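Notes follow once the structure below has been shown.
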Amino acid sequence: MATDGGVFDQHGNLTGVKSKIWASPSRPFLAGGVGGDWEVDTLSRFSVAATLGGTVDEAIEWLARVLPDRPEVTSPIPFELVIGCISEAHGPQIWRFRSFHPDRPLPALRLEWRGDVALGPALTVEEMQAAGYYPEDFRRTSIGFMKAMRAKPCRPEFYPGGEIAEGHYIGAHVDHAVITADGVMVERVLEWPDVIGQRIEP
């Protein structure tokens with residue numbers, strides 16, 4: 001998983017910097033997402049806590065049952081939660097769970113397995129090729145892709161209501177996480193000199 005570290009208002013101003021990856025201290029399992037900060041952070045912590053004292057498969061099975069009944073799902077602020085893990089029975093997996101969004105085919109409020117997930121400004125095939133795609137080096141690929149996404153103006157889909165200014169919504173830093181059978185390693189691979197209170201100038 002690769003994420004930026006920027007928190008933005010609806011005008012595209014950088015309002016904060018944070019780590020967006022929540023990693024289990026004892027299992028090959030991490031969580032993160034986009035949308036309402038409180039909703040994503042709360043559900044990420046909740047998901048990571050599900051791994052304590054049990055297996056990854058037990059955590060996923062339990063989360064599939066209980067996430068739809070969490071109070072966060074009734075929030076008017078949309079969100080999408082992403083879970084990366086290594087299943088004891090099935091190997092590497094990516095799951096996602098999201099609030100209702102009328103333009104997405106993925107059912108709302110269901111834990112769904114996905115082969116891959118990309119959130120943020122959409123890149124075309126040509127833009128991905130120009131950014132550099134290295135199948136055997138996701139760290140290098142993710143840095144190039146995040147730079148390309150940062151440079152591409154957009155309007156975030158998951159902002160909590162109101163008119164959203166077109167701007168650049170990738171900022172602060174890039175964190176790169178690797179999940180192995182031994183756990184999760186998170187590395188900060190890139191930092192930008194972005195200024196709190198100002199828009200991103202790629």
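The values are calculated or read from the model by the stated rules, or taken from the named source; none is laboratory data. Keep in mind that what you see is a predicted model, and the values were worked out from it rather than measured. Glycine also receives a Cβ, built like all others from the backbone with ideal geometry; neighbour counts cover every protein chain displayed.
Looking only at residues of region 134-144 that are of a type in the set (Ser, Thr, Tyr) and either modelled with pLDDT under 90 or closer than 20 Å to GLY5 by Cα (or both), we find that the one that is surrounded by the most Cβ atoms within 10 Å (Cβ to Cβ) is SER142. Can you tell me which residue in region 123-132 is nearest to CYS154 (Cα to Cα), limited to those that are in contact (Cβ under 8 Å) with a residue 12 or more places away in the chain and out of contact with any Lys or Arg (no Cβ under 8 Å at 6 or more places or on another chain)? By that ranking, first place goes to MET128. Residues that are surrounded by 14 or more Cβ atoms within 10 Å (Cβ to Cβ), more than 21 Å from GLY91 (Cα to Cα) and aromatic (Phe, Trp, Tyr) within region 27-72 comprise just one, PHE46. Can ALA181 be described as exposed (fewer than 14 other Cβ atoms within 10 Å of the Cβ), out of contact with any strand residue (DSSP E or B) (no Cβ under 8 Å at 6 or more places or on another chain) and farther than 28 Å from PRO78 by Cβ? Criteria not met by ALA181. In region 54-77, the residues that are touching a residue at least 40 places away in the same chain (Cβ under 8 Å) and of a type in the set (Ser, Thr, Tyr) form no Cβ pair under 9 Å with any partner that is surrounded by 14 or more Cβ atoms within 10 Å (Cβ to Cβ) and part of a helix (DSSP H, G or I), whether six or more places apart or across chains.
For TRP22, the test of being in contact with a helix residue (DSSP H, G or I) (Cβ under 9 Å, 6 or more places away or on another chain), without any contact (Cβ under 8 Å) to a residue 60 or more places away in the chain and surrounded by fewer than 17 Cβ atoms within 10 Å (Cβ to Cβ) is failed. Of the residues making up region 141-157, those that are under 18 Å from the mean Cα position of the chain (by Cα) and assigned to a helix (DSSP H, G or I) are THR141, SER142, ILE143, GLY144, PHE145, MET146, LYS147, ALA148, MET149, ARG150. When residues in region 163-195 are screened for being of a type outside the set (A, V, I, L, M, F, W, C), modelled with pLDDT under 95 and within 29 Å of GLU88 (Cα to Cα), 1 of them pass.
For region 63-82, the count of residues that are over 30 Å from LEU190 (Cα atoms), out of contact with any Asp or Glu (no Cβ under 6 Å at 6 or more places or on another chain) and of a type in the set (Gly, Ala, Ser) is at least one.
For region 21-72, a residue qualifies if it is among the aromatic types (Phe, Trp, Tyr) and either over 14 Å from CYS85 (Cα atoms) or part of a helix (DSSP H, G or I) (or both), and the qualifying residues are TRP38, PHE46, TRP62.
Residue count for region 106-132, restricted to those that are at pLDDT below 90, assigned to a loop (DSSP other than H, G, I, E, B), within 26 Å of ARG188 (Cβ to Cβ) and not hydrophobic (A, V, I, L, M, F, W, C): 3.
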